[in-house]
Structures are given as structure tokens and as C-alpha cells.
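For reference, the structure discussed in these notes is given below.
The values are calculated or read from the model by the stated rules, or taken from the named source; none is laboratory data. Predicted, not measured: the structure shown is a model, and the values here were computed from it. Every residue, glycine as well, gets a Cβ built from its backbone with ideal geometry; the counts of neighbours run over all protein chains shown.
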Amino acid sequence: MQKVGIQTTQNVLIDYEVAGLGDRIGAYLLDSLLTGAYYVVLFLVNSEVTELPTWLNILLILPPFLYHLLCEMLLNGQSLGKRQLNLKVVRLDGTQPGIGSYLLRWLLRPIDIWLYGSVAIITILINGKGQRLGDLAAGTTVVKYRNQQYGFDQQLYRPSQEDEYEVQFPQVNRLQEKDIALIRETLRNYRLTGNTQPVQLMANKAQDLLSIQTDLPPLKLLHTLVKDYEHSISGE
């Protein structure tokens, strides 16, 4: 399993699973089926209509042409095919991909898919970080993320709004908002990647900083600290 380490803006190193070549080809084929189906429908409509204004013909052709660019911009780095296979575009510097990143990937797509996608396939295979030409130019890659698997612990440790909630670690008031933001970032990336190493490191750091002695698992400890902090703040 190929992985790529990405340093987030909160200085947490996250190991993402690089999307496999098979997954990327699968997502491409799904997207191609969608755009192909659109063209079939468009052809059938045109066959029933004797003549359409030129501007309308151009407008109807644009959606498949702009499909990948618009999807990644509007769906947070995913096309519909990528979403189906749990793939996502991310930047290697840990920041959120912007319009410029998505635009570069889209502009270089014709070169990448030239000769039946051989340019993209060769580039991905020799690059080591799952990047095609568009990714190299944009500083991005495509990763495999995990979304549904961790729904249970998200619900289990969801910050409670109950008045009777009792803070378990009062020393949490020594933390600052930036510290809690770092814990939230660690938990968010765990839900996406399933990588427990940053969770363990963050839990150890929190225990040392706050002088906490507990048998709570690292994941539950971090969720508890977030809940304690939120209730401490709301009670001030």
C-alpha cells in the first residue's frame, strides 16, 4: 500500500493512502460513462428538434467539457466517479486545494489522457506519489480516504450539549483555542485516513502537558478533552 506524508497547516503529519492506479482508472471510467450518457441524451434531443440556436448548442456542450473542473471545485476535490470510489484531490503542502490547483489539473488533463491515458499512467507509476502531470503542476495528488467507517465513533464522542455533563479533566482550561483546533484537526484526519499514529502522539502530548493519568484509549481521550473544553468555555 503506497502512502504519502502530508504536513497539515496544524503541523500534524498525516499518512494518506495514495489512490491506486486501478481506482483512478475506475473513477475515470465512471466519469466517462456519465459524460457519455449526457452526450447520448443530447444527441437524442437534437434528433427530435429540427434546429437549435447556436448559443444554445454551445451551452449544451459545455457541461461535459467543464465536468471535471466544476466537480472538483464544487465537491471539494471530487468528481462523481471519485466520490463513488472514495477518492479525493489533496495538496501535498497540507492546504486546501484552490481554484488555481483544480484549473491546472484540468488544463493538463488532455495531455494526461493522450494515447489512451498512457501519459498519466506512466507518470503516476514513476512518480511515487500518485501524481499525473496535472498533479505535478498543481502540487496535488489523489488519495483514498475513509468516510463511512468511522461514523460510529463520531456519534459516540460527539460533543454533548446536555446541562448535566460533568467535565472529566478540569485542567483542560489550561489549553488555548489553538490547542483544541490542533486536536480537532487530528481527529478529523483520523476519520478520513484511519491513521492512528497522530492520535497516539497527540494523546501522549496532551497527557504530558496537562499531567493526566488515565486509562482512556487515545481516541476517546482526545474526544473527551474537546468536550471538556467546550463545556468549560460555555460555562464561563
- Query: Could you give every pair whose Cβ atoms fall below 9 Å, whose first residue belongs to the range 203-228 and is over 14 Å from Gln168 (Cβ atoms) and free of Cβ contacts under 8 Å to residues at least 40 places away in the same chain, and whose second residue is surrounded by fewer than 17 Cβ atoms within 10 Å (Cβ to Cβ) and β-branched (Val, Ile, Thr), counting only separations of at least 6 or pairs across chains?
  - Reply: Pro218/Thr196
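State which residue is modelled with the lowest pLDDT when the search covers only the range 32-72 and only residues that are β-branched (Val, Ile, Thr) and not in a helix (DSSP H, G or I). Steps first, please.
Step one: list which residues in the range 32-72 are β-branched (Val, Ile, Thr), which gives 35, 40-41, 45, 49-50, 54, 58, 61.
Filter once more, so that each one left must be not in a helix (DSSP H, G or I): 49-50.
Numbers: Val49: 72, Thr50: 66.
Once the filter is applied, the top-ranked residue is Thr50.
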- Take Asn127 and decide whether it is over 28 Å from Leu44 (Cβ atoms), within 16 Å of the chain's Cα centre (by Cα) and modelled with pLDDT under 95. no
- Query: In the range 1-23, which residue that is at pLDDT 80 or above and more than 15 Å from the chain's Cα centre (by Cα) is surrounded by the most Cβ atoms within 10 Å (Cβ to Cβ)?
  - Reply: Asp23
